[in-house]
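Remarks on the structure that follows.
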Amino acid sequence: MTWFLLCVGLLIGGYFIYGAFVEKVFGINTQRQTPAFTKTDGVDYVPMSKGKVYLIQLLNIAGVGPIFGPILGALYGPAAMLWIVFGCIFAGAVHDYFSGMLSVRNNGQSVPNLAGKYLGKPAKHFMNVFAIVLLLLVGVVFISAPAGLLSKLTGYDMAIFVGIIFSYYLIATLVPVDKIIGRLYPFFGALLMFMSVGLTLAIIVSSEHSLLPGFEAKDFLTNLNPNDMPLWPALFITIACGAVSGFHATQSPLMARCVENESNGRFVFFGAMIGEGVIALIWCAIALSFFGGIEGLNAGMDGNPANVVYAASNGLLGAVGGFLAILGVIVLPITSGDTAFRSARLILSEFFKMPQTQISKRLLLAIPLFVIGAILTQVDFGIIWRYFGVANQTTAVLMLWTASAYLLRHNKLHWICTVPAMFMTCVVISFLLSSPTLGAGLNMTVSTIAGVISTLVITALIMVKTKGKGEGEVEDDEELTQTLSGKASTEA
């Protein structure tokens, strides 16, 4: 219990201490009008209160990733908890803050346009394709997972729930952001809080279970995986949501269009990621605790993390409480899947320069996305999840390098983004080179050396290309301030 509380304390402290530092490096301008006001359209650009935007952001980013990922990652032992804590503070929350605030500074633009502005047109074109692929994979994963749990919970055919969830996604993708998402998500957020706090308290007071039973300090630095899976680099791909996730970069611009003031950015973007980190930490701890250890977890999971969710929720909270907890787990992916398709629609609208105020234009882009998504639901969930994991972390790498390039361009402390970008670049390259199913299947040592060398080369290229490029330019917020001051002087 002490280790668990320490990890939670570190996450909360990370928000107040490191989050404030990151905000200072970025340099907010509270006098600058946000896109919610400068581009209000009643559909995607809608001003919302800080609390409401926070809850929506949290539910947007917290799909099954911060539950299924940490459960799978728990097979490596308590080391998974360390990655959640330090990955969340120094990589994930930084990634989310910059993906949101750079969008705020650039009229609510999506991640491909941000990558294009700060890394060049090739990065923009690559991200346009990659982001759409990732969002489609996310949408499919976040249909299959809740539909499977609903089927298990009710006994009805999974295909029925797939159809119902698809129908909801289509409606939520098309209607104005404040009509469904803005009204229902605060309630769903309360359900999420109940699930997380309820399960934690239940296992703490349980007479049958104990928190992190039998684990010692040395186990936090040891790979305990019973299936002989290497901790490096697989753990950092397995646990994405809850530590660092590229999917979040596609979601942050949705709320960047609704934030009322730049001062809200740390709470909304950095804070929501910390909140997701706490959720991931809870599920990792439950997975390590409920079955009495790693071997019990491996047997109880039986290859599907949904089995852990079902068993732990009912076992700790009883029939009624378990039902509500499972309902919370079902809500998480649904509230991320709908915004995944919404993000894909907006990215396509920016690419085709197609305004989205008319519902016919929204349908024109949304329907093909849902057709492709429906086809992908026929693919085995395990295959989709593996590709999702790699695509997710690759997107995170690109977003971190985009943020690093922005800071380099304006001579700010770029290392807060460059260091996690370098680490995740090495993770992705090493994984792709070593993976026998998704990559080249090379020896781990060779793959790691190649990953390190490739990372150093990429870092050098980005620094050479970007450093000093912004010299002589006026930063976006300063330019706006000067423009407004000039306008006021002219009017006077």
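Brief remarks follow.
- Taking the C-alpha atoms of region 254-372, convex hull volume expressed per residue in Å³: 168 Å³
- The Cα atoms of region 217-295 define a convex hull whose projected area, averaged across directions, is 6.9 nm².
- Helix 476-491 vs. the chain, principal-axis angle (Cα, 0 to 90°, nearest 10): 40 degrees
- Normalising the Debye intensity of region 315-454 to I(0), with uniform scatterers on Cα atoms only, and taking log10 at q = 0.11, 0.13, 0.14 Å⁻¹ returns -0.71, -0.92, -1.00.
- Highest-first arrangement of 229-242, 38-51, 315-328, where packing means the average Cβ count within 10 Å: 229-242, 315-328, 38-51
- Positive dipole terminus of region 97-183, leading residue within Leu137, Phe126, Ile171 (C-beta point charges): Phe126
- Test item: Cα-centred dipole of the chain, Lys/Arg +1 and Asp/Glu -1 on Cβ, debye: 1000 debye
- Taking all protein chains into account, the per residue accessible area for the chain stands at 38 Å² (1.4 Å probe).
- Crossing angle, helix 93-105 versus the chain [Cα axis fit, 0-90 degrees, rounded to tens]: 30 degrees
- For the residue pairs Lys50/Lys117; Lys117/Lys465; Lys124/Lys353, the alpha carbons lie more than 20 Å apart in Lys50/Lys117.
- Projected area averaged over orientations for the chain, convex hull of C-alpha atoms, nm²: 22.7 nm²
- Stokes-Einstein diffusion for region 161-292, with the hydrodynamic radius set to the Kirkwood value over Cα pairs and evaluated at 37 °C in a medium of 0.692 mPa s, equals 181 µm²/s.
- A straight line joining the Cα centroids of region 304-331 and region 118-157 runs 23 Å.
- Pairs of Cα atoms in region 119-219 fall into 5 Å distance bins, from 0 up to the last occupied one, in shares of 2, 9, 10, 12, 16, 14, 11, 11, 8, 5, 1, 0 percent.
- Enclosing the Cα atoms of region 39-162 in their convex hull gives a volume equal to 173 cubic angstrom per residue.
- Sum of side-chain charges, Ile61 neighbourhood, beta-carbon under 11 Å (Lys, Arg +1; Asp, Glu -1): -2
- Heavy-atom accessible surface of the chain: percent carbon and sulfur, 1.4 Å: 67 percent
The values are calculated or read from the model by the stated rules, or taken from the named source; none is laboratory data. Since the model is a prediction, treat every value here as computed from it, not as a measurement. With ideal geometry, Cβ positions are generated from the backbone for all residues, glycine too; neighbour counts draw on all protein chains shown. For accessibility, only protein heavy atoms count, side chains too; no ligands or nucleic acids. Shrake-Rupley method; radii C 1.70, N 1.55, O 1.52, S 1.80 Å.
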